[in-house]
Every structure is written in C-alpha cells, then in structure tokens.
Amino acid sequence: MNNKEFIAELASRTGYTQDESQRMVKSVIELMGRSFEAGDPVSVSGFGTFEVKKRLERVMVNPSTGQRMLVPPKLVLNFKPAANIKGQVRRGGTENG
C-alpha cells in the first residue's frame, strides 16, 4: 500500500476528506520525527514501539578484498511490534482488526 492508497483508505474509514486525512497523517509523522530527534521512543498502542538506538563502532571486513574497515557509531530507528501484530504476521495476516 502506498501513501496515496493509505490516505484514501483512511479517509473512507473515518469520514474525513482526503485532504484532512493527509494533513492528519503528516502531523503524526512530523510529531514522531520530533520525538526521534529528541531521542524519545514513540509507542502506538496495539501496533508497536519505535525508538532510536545507537549502533556501536565496529570493524567490518570487505568480502572481496579482505580489507578491514572501522564503521563509526550511528543512530538507527528500531521498531518492536506489539504481540498481536506479530501474531497476525505469523498467521499470514488473516485476522481483521
């Protein structure tokens, strides 16, 4: 599902216009981004938790040359799905929410 399809589906389920739905989604994404920049996790009840984690510095080996390189530390976005979402995926998404 792409963004356009998502907005259309959200609008049809909520009764809002597509423009209103798009503004709501953009607002949610913007607020989540601000939380990530501040290093705060974002929990969505029944869906999961997004959090920024720091990956430590590590040594990597180029498989073709065998050359060892130092990869600097970096921040990555991590997602931990809620138990019900994990179960849905395992069962092939047959459950309707």
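Assorted remarks:
- Rh (Kirkwood; distinct C-alpha pairs) - the chain, Å: 16.8 Å
- Carbon/sulfur fraction of accessible area - region 1-44, other protein chains in place, 1.4 Å, %: 53 percent
- FRET E, pair M1, K26, Förster distance 22 Å, beta-carbon r, rounded to 0.05: 0.85
- Of G66, G48, G33, the one that fluctuates the most in a GNM where the chain has Cα springs shorter than 10 Å: G66
- Heavy-atom accessible area per residue - the chain, 1.4 Å, Å²: 82 Å²
The values are calculated or read from the model by the stated rules, or taken from the named source; none is laboratory data. Computed from a predicted structure; not experimentally measured. Methodologically, a virtual Cβ is constructed for each residue, glycine included, from the backbone with ideal geometry; neighbour enumeration extends over all protein chains shown. Surface areas here come from the heavy atoms of the whole protein model, side chains and all, with no ligands, DNA or RNA. Shrake-Rupley method; radii C 1.70, N 1.55, O 1.52, S 1.80 Å.
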